[in-house]
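Each remark here refers to the structure printed beneath this line.
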Amino acid sequence: MNPDLIFLHAKTTPRCNGTVDKYFEGYCTLQFIRRGAVELFYDDVRHVVEAPAFWTCYPGPHIRFHTHQGTTWHHSYMAMQGPGLAHLRQSGLLFLGVQPCPRHEAARCAALMERIIRQIHAPGPFSTPRAANLLESLLLDLAEWRQARLRSEPWLERLLALLEKPDVIHPDYSAMARQSGMALSTLRRRFRQQTGTALHRHVLELRMSRARHLVGNTELHFKDVAERLGYDNLFYFSRQFRQFHGVPPGTYRRSRQA
């Protein structure tokens, strides 16, 4: 159970035709489509998300989504904030991007989303802890399905392991493509297909995850943190940190020390 997770709102719309076009500041959402399809953009990276599938919205990119080809879609979502989000990201449970749901698990995932939403709206002191517990159970299932997909794609498993090495600051994408036995354009396309995230976006997310650790758990000057992560401009580093985490480095460090 995650006591530092705060649920803001949650809802299911069986015949949704709405549009979202915004930057998510200071909170994240988990979205689920049970029926239909949506067109989704993270900045300029386009996805057509077909049911059943999950995706997340989070600080940083300009996120847009709407119905695909004019049809309605069955939509459920929940919005969250608080220190517990960092815990979910660091543990690898809260993914960024799009994740398909196995079709044979769609009904169970839809039912679990409904249980979480009911708990979010239920009165009483135990409703939020129960909702957090159910959410972590769902995210654990999604993480296991991601691992199973990785094992079926050895090139992707090797690439992700390489990108997670702390000394890989500015990856040589062309060299990685050659090592994976494919053209760079193919590598970028297949990476996005398999992970739901653009390759460079994934690298930025890893870099900002390291930044969050260094800002929140060390006494390093922010200029030293920026240089360690490959930034030669402190202002640009601070701006990108805020885009990803919703607050500037100084505010984040103070919140960790409180």
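The values are calculated or read from the model by the stated rules, or taken from the named source; none is laboratory data. Predicted, not measured: the structure shown is a model, and the values here were computed from it. When we count neighbours, we look across all protein chains shown, and the Cβ atoms used for this are built from the backbone with ideal geometry, even at glycine. Areas reflect the complete protein model, heavy atoms only, side chains present, ligands, DNA and RNA absent. Shrake-Rupley method; radii C 1.70, N 1.55, O 1.52, S 1.80 Å.
Think of it as helices only: each DSSP H run of n ≥ 4 in the chain is worth -39500 (n - 2.57), and spread over all residues that comes to -15000 deg cm²/dmol at 222 nm. Its relative contact order, with pairs defined as Cα atoms under 8 Å and 6+ residues apart, puts the chain at 19 percent.
Counting Lys and Arg as +1 and Asp and Glu as -1 over every other residue whose Cβ lies under 14 Å from the Cβ of Thr128, the net charge comes to +1.
Considering only C-alpha atoms, what is the centroid distance from the range 210-252 to the range 155-180, in Å? So the separation of the two Cα centres works out to 23 Å.
Note on Rg and Dmax of the Cα atoms in Å: of the candidates (i) 18.9, 62; (ii) 23.8, 103; (iii) 18.7, 57, the value calculated from this structure sits at (iii). Computed with a 1.4 Å probe over protein heavy atoms only, the accessible surface of the chain comes to 51 Å² per residue.
Legend: calculated FRET efficiency, Leu204 to Arg64, from the Cβ-Cβ distance at R0 = 25 Å, rounded to 0.05, equals 0.85. For the range 166-258, the list of GluC sites (Glu not before Pro) that fall in a loop by DSSP and count at most 14 other C-beta atoms within 10 angstrom reads Glu219. Along the charge dipole of the chain, pointing to its positive end and built from +1/-1 on Cβ of Lys, Arg, Asp and Glu, which listed residue (Gly18, Ala132, Leu142) has its Cα farthest out? Most positive-ward Cα: Gly18.
For Arg46, neighbours were defined as the other residues whose beta-carbon sits under 15 Å from its Cβ, and their charges (Lys and Arg +1, Asp and Glu -1) total 0. Projected label points at Thr71 and Arg254, each 7 Å from Cα along the beta carbon direction, are separated by 5.1 nanometres. Using a Gaussian network model of the chain with C-alpha springs under 10 Å, which one of Met176, Met208, Met113 is most mobile by mean-square fluctuation? It is Met176. Counting charges near Gln147 (Lys, Arg +1; Asp, Glu -1) among other residues having Cβ under 12 Å from its Cβ returns a value of -1. In a fully extended conformation the segment linking Val168 and Val20 would gain 49.8 nm over its present Cα-Cα distance, using 0.36 nm per residue. Go ahead and set up a Gaussian network model of the chain, Cα springs under 10 Å, then flag whichever of Arg151, Arg201, Arg115 fluctuates most. It is Arg151.
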